[in-house]
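The values are calculated or read from the model by the stated rules, or taken from the named source; none is laboratory data. Quick caveat, the model's predicted, so the values are computed rather than measured. Note that we place each Cβ from the backbone using ideal geometry, even for glycine, and neighbour counts take in every protein chain shown. To get the accessible areas, we keep the full protein, side chains included, count just its heavy atoms, and leave off ligands, DNA and RNA. Shrake-Rupley method; radii C 1.70, N 1.55, O 1.52, S 1.80 Å.
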Amino acid sequence: MAPSNSKQEAPSRLFIIAALLLLGTGMFWGVTGGLQYLIPGFLKSYLPFQKIRPLHVSSVVFWIIFSSTGAVFTYLQQHTGKKIYSQLLIKIQLIIFSLSVIAILISYCAGIFGGREYWEFHPILALPIVAGWILFLINFIKSARSFRNQPVYVWMWFTGMLFFLFTFLESYLWIFPYFRNNVVNDMTVQWKSYGAMVGSWNMLIYGSSIFLMDKISNSKNYSHSSMAFLLYFIGLFNLMFNWGHHIYTLPTHNYIKHISYAISMTELFILGRIIFNWRASVSAAKKNFHKTAYRFLVAADAWIFLTLLLAIIMSVPGINLYTHGTHITVAHTMGATIGINSFLLLAIAFDILNDTCLSFEPYKKLFNRGYWLANISLFVFWISLIGAGVVKAKWQLSTSQIPFSSMMLQLRPFFIVFFISGVVMMTGFLCIIYPLLKNNVLCYFKFKTTGKIQTHYYSPAA
């Protein structure tokens, strides 16, 4: 496993820097949306909730896409010990993605929509994303050169990239009348494509996490182990069929629902087991050297347990009937997106970005505070969503429903806790990502102006 070379990896590191900015942007829109739950009409004339929600969702989704892309490029180079096939293609992809995201966020603010779910922007803006992803795929295949005897993370990256492109295109089948004019077919394809799409970027994240675990332990035991390949095949099976638990409420074939119920969340169980067993094998010296990344992996492992527990409960068809469309589903999404994906990606970001020309020592206390604020507030945030979901679930299946407005008033205490914990969580995450952004941006401009840079590897939590 080749050592890091920040000069060669500079273009791919820019993906992660941009991703951290998107994470901060997404949290800002999320807190703004939470405030609109408490103060109806807040910013309604300028940025109503129907604009805030896609601004938040798209920012967070692109945080995952940008950071995963940067992780794959950086770790692939470290794995092969050779340069990426084309640094120019990386720069072009970064420019395409960055301009697309800016155009998407501006279109939301201007009230220009036309899409669905994660991609509420006009379909024309999907074209550059497809083009950029094809460049990503070409660059990856040319850089990997061969797939013979490769560790599991290379296969996870390749599979995730292929299926993301497929599911992204599939999510736009609604533009054809054949799908759009049939409500059941339309909803089935949409929920299927988005469920599989999450599995696709999970492949990129989990593959990068396994590489990082091998890197910390200075061993390739896990990436070549039968358990890691079992995770890969279970993840691939989940990617293809797990989406069925989203459509329990649709009049589709029962065998689809039964298959999805049988395989729901087995992927998380295997991933949690790998991280848990790996932690026991890492020596104290290696933990301390990579302590920041290691701590995020531990946090992600805890959230795997909590998310898996909630997911299994939600996957029971009789319970899903109550939870579907409530804040319990949102809690599951937040646990997976923040507690698992974001913590894994922050572990990766700290591993890749903390060899800078500036020391992280002054930020040690700031990071520690941010780490605990983020984790504790996320748990409170998660519990408040579950509580709100229970109340709404009882209401929506009640035979004698009270008015919707009365039900929303009952949820107000949960929304207050939700908002406060969201603000605290945003504060914690900003404390975490601020040192990374500041040091890397300053060092990047120093490198661009002088052409020389002396890296200083330091883990702020050590």
Q. Which members of segment 51-79 meet the condition of being farther than 19 Å from Val154 by Cβ and among the aromatic types (Phe, Trp, Tyr)?
A. Phe62, Trp63, Phe66
Q.
Six or more apart or on different chains, Cβ atoms under 6 Å: show the pairs whose first residue is in segment 45-66 and without any contact (Cβ under 8 Å) to a residue 60 or more places away in the chain and whose second is part of a loop (DSSP other than H, G, I, E, B).
A. Val61/Tyr118
Q. In segment 156-174, is there at least one residue being among the small types (Gly, Ala, Ser) and part of a loop (DSSP other than H, G, I, E, B)?
A. yes
Q | Answer residue from segment 398-423, given it is more than 24 Å from the chain's Cα centre (by Cα) and of a type in the set (Ser, Thr, Tyr) and is most open to solvent (accessible area, probe 1.4 Å) among those | A | Thr399
Q. Somewhere in segment 153-160, is a residue open to solvent by less than 70 Å² (accessible area, probe 1.4 Å), farther than 19 Å from Phe73 by Cα and in contact (Cβ under 8 Å) with a residue 40 or more places away in the chain?
A. no
Q. Across segment 182-206, which residue is nearest to Phe350 (Cα to Cα) among those that are over 13 Å from the mean Cα position of the chain (by Cα) and open to solvent by less than 10 Å² (accessible area, probe 1.4 Å)?
A. Ala196
Q: Examine segment 283-293 for a residue that is open to solvent by less than 10 Å² (accessible area, probe 1.4 Å) and either modelled with pLDDT of 90 or more or in a helix (DSSP H, G or I) (or both), and state whether such a residue exists.
A: yes
Q) Within the bounds of segment 54-77, is there any residue that is surrounded by fewer than 19 Cβ atoms within 10 Å (Cβ to Cβ), at pLDDT 90 or above and not aliphatic (A, V, I, L, M)? A) no
**Q.** Residue that is surrounded by the fewest Cβ atoms within 10 Å (Cβ to Cβ), among those in segment 83-140 that are under 20 Å from Leu55 (Cα atoms) and of a type in the set (D, E, K, R)
**A.** Glu117
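Looking at Ser98, Ser107, which is the one that is in contact with a His (Cβ under 8 Å, 6 or more places away or on another chain) and part of a helix (DSSP H, G or I)?
Of Ser98, Ser107, the one residue that is in contact with a His (Cβ under 8 Å, 6 or more places away or on another chain) and part of a helix (DSSP H, G or I) is Ser107.
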(Q) I need the full set of residues from segment 344-366 which are among the basic types (Lys, Arg) and modelled with pLDDT of 90 or more, in order please. (A) Lys365
**Q.** Yes/no for Gln36 being without any contact (Cβ under 8 Å) to a residue 40 or more places away in the chain and either open to solvent by less than 30 Å² (accessible area, probe 1.4 Å) or at positive phi (or both)
**A.** yes
Q: Return a yes/no flag: does segment 367-384 have any residue that is over 22 Å from Ser67 (Cβ atoms), buried (at least 21 other Cβ atoms within 10 Å of the Cβ), among the hydroxyl-bearing types (Ser, Thr, Tyr) and at pLDDT 90 or above.
A: yes
